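In what follows, a structure is listed as structure tokens, so that the remarks can point back to it.
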Amino acid sequence: MALTPSTMTALGTRCPPFGLVDVNSGRTVRNTDFAGRPLLVMFICNHCPYVVFIQAKLGPMARELESRGIAVVGICSNDEGTHPSDGPEPMAHNAKAHGWAFPYLHDASQSVARAFDAACTPDFFLFNAAHELAYRGQFDSSRPGSGVPATGEDLLAAAVAVAEGKSPSSRQLPSMGCNIKWRLAKVATP
């Protein structure tokens with residue numbers, strides 16, 4: 001586990017296009033499905049201790065955001081070859097176990113994570129209704145072993161502002177977590 005911060009993509013960046021299969025429903029979910037609505041994209045996985053620490057809060061947070069008109073999707077981009085617990089079947093089991101009603105998408109090619117410049121799990125990207133990046137940063141200041149309970153206060157404050165058509169505070173702290181488990185490039189042999 002390598003502690004990795006989010007890349008802090010420039011605010012105002014447009015949401016990269018994506019179309020990925022939801023492991024729960026089997027349907028393809030696209031960013032365009034949420035046109036005209038704010039959208040939270042969460043890069044998460046099943047095994048990372050930083051995600052495990054907040055996973056019980058993700059379902060209730062998503063329901064709160066949905067009630068405010070914000071769409072929520074989770075994306076797992078880890079290499080399932082090296083991390084089988086991050087494959088589609090375990091993803092669906094984890095989503096069901098934690099009551100996640102939001103689409104949980106499998107990025108097998110890792111192209112979506114690369115397009116977002118996602119670096120860690122969890123990594124949060126909140127887009128306004130025009131799908132311009134309004135927040136990228138931490139869930140809250142809690143961390144595994146810190147003794148601070150996970151509340152999601154930083155993300156929630158940004159989401160409330162976006163839901164009200166306002167800009168979140170520009171003081172945004174990077175998310176921290178495990179690095180995304182990138183597929184190793186195959187080296188050609190002579």
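The values are calculated or read from the model by the stated rules, or taken from the named source; none is laboratory data. Since the model is a prediction, treat every value here as computed from it, not as a measurement. Methodologically, a virtual Cβ is constructed for each residue, glycine included, from the backbone with ideal geometry; neighbour enumeration extends over all protein chains shown.
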Please determine, by comparing only the residues of segment 87-146 that are crowded, with 18+ Cβ neighbours inside 10 Å, among the charged types (D, E, K, R) and not in a loop (DSSP other than H, G, I, E, B), which one is nearest to the chain's Cα centre (by Cα). D123
Kindly evaluate P174 against the criterion of being in contact (Cβ under 8 Å) with a residue 40 or more places away in the chain, assigned to a loop (DSSP other than H, G, I, E, B) and in contact with a Pro (Cβ under 8 Å, 6 or more places away or on another chain). yes
Here are I75, I44: which of them is among the hydrophobic types (A, V, I, L, M, F, W, C), touching a strand residue (DSSP E or B) at 6+ places or on another chain (Cβ under 6 Å), surrounded by 23 or more Cβ atoms within 10 Å (Cβ to Cβ) and without any contact (Cβ under 8 Å) to a residue 60 or more places away in the chain? I75
Scan of segment 104-135 for residues that are out of contact with any helix residue (DSSP H, G or I) (no Cβ under 9 Å at 6 or more places or on another chain) and touching a residue at least 40 places away in the same chain (Cβ under 8 Å), ordered by number: Q110, V112, A113, A115, F116, D117, E132, L133
All but one of (1) crowded, with 17+ Cβ neighbours inside 10 Å; (2) of a type in the set (A, V, I, L, M, F, W, C); (3) touching a Pro at 6+ places or on another chain (Cβ under 7 Å) hold for M8; state the number of the condition that does not hold. (1)
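So is D33 surrounded by 13 or more Cβ atoms within 10 Å (Cβ to Cβ), of a type in the set (D, E, K, R) and within 20 Å of E80 (Cα to Cα) or not?
Working: surrounded by 13 or more Cβ atoms within 10 Å (Cβ to Cβ): yes; of a type in the set (D, E, K, R): yes; within 20 Å of E80 (Cα to Cα): no.
No: the conditions fail for D33.
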Looking at segment 63-74, is at least one residue under 21 Å from R143 (Cβ atoms), part of a strand (DSSP E or B) and at pLDDT below 95? no
